[in-house]
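Engineer: Once you've had a glance at the structure underneath, I'll fire off some questions.
Readers should treat all values here as calculations from the given coordinates under stated rules, not as data from a laboratory. Here the structure is a predicted model, which means the values were calculated and not measured. As a convention, Cβ positions derive from the backbone with ideal geometry for all residues, glycine included, and neighbour counts pool all protein chains shown.
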Amino acid sequence: MATDCLFCKISRGEIPCQQQYQDDQVLAFYDINPKAKTHILIIPHKHIPSIMSLEEGDEKIMGHLIRVAQKIGKDLNLVGYRLQFNVGERGGQVVFHVHLHLMAD
Ligand code: 5GP
Ligand code: ZN
């Protein structure tokens, strides 16, 4: 948990979002500035700043993000979609709380 992190605040319900899915480990919500017809962000509740800062033991939660993406794809009847992590400022990352972009046109 990080006090000043935007996605931690969304995860705690302090900032509203259009939620798509939630369980004890992750939250999925619609991107506020969609770059595709369907653009959902899937985040761990745990504050992990970036793929670059993953630690031993984070494999499980990162794998779960992908399983949740699969579930969302199925639930929304998406015939295909893109999954993307932006990693580091030079990789286009703006919010430093790990998030998986799910985008479908
Ligand atoms: P990044 O560039 O860090 O990989 O992606 C951050 C994403 O978060 C962007 O696509 C941006 O539109 C989205 N975003 C930023 N602030 C908010 C917010 O307050 N609410 C929601 N739902 N999405 C946000
Ligand atoms: Zn955070």
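Engineer: Using +1 at the C-beta of Lys and Arg and -1 at the C-beta of Asp and Glu, which of Pro34, Ser11, Gln22 has the Cα lying farthest in the positive direction of the dipole of the chain?
Structural biologist: Pro34
Engineer: Here's something else I'd like to know. Multiply the residue gap between Glu56 and Asn77 by 0.36 nm, knock off their C-alpha separation, and tell me the result in nm, one decimal place.
Structural biologist: Working it through step by step, the gained length comes to 4.1 nm.
Engineer: Further question on the same structure: Cross-link partners among lysines for Lys37, C-alpha distance below 23 Å, same-chain residues fewer than 8 apart left out?
Structural biologist: Output for Lys37: Lys71, Lys74.
Engineer: To make sure I understand, if each residue's beta carbon is the centre and we count other beta carbons within 10 Å, what order do Met103, Met52 fall in, fewest to most?
Structural biologist: Met52, Met103
Engineer: Compute the angle between helix 59-75 and the longest alpha-carbon principal axis of the chain, please, reported from 0 to 90 degrees and rounded to the nearest 10.
Structural biologist: The helix 59-75 is inclined about 20 degrees to the chain.
Engineer: Now a separate question. Over region 18-105, what relative contact order in percent results from Cα pairs under 8 Å that are six or more residues apart?
Structural biologist: Relative contact order here is 35 percent.
Engineer: Using the Karplus curve 6.51 cos²θ - 1.76 cosθ + 1.60 with θ = phi - 60°, what ³J(HN,Hα) values do you get for each residue of region 27-35, in whole Hz, with x for Gly and Pro?
Structural biologist: Per residue, the Karplus-derived 3J(HN,Hα) values read 9, 10, 8, 6, 5, 5, 10, x, 9 Hz.
Engineer: Can you put His64, His101 in order, fewest other beta carbons within 10 Å first?
Structural biologist: His64, His101
Engineer: Would you list Thr3, Thr38 from fewest to most Cβ contacts within 10 Å?
Structural biologist: Thr3, Thr38
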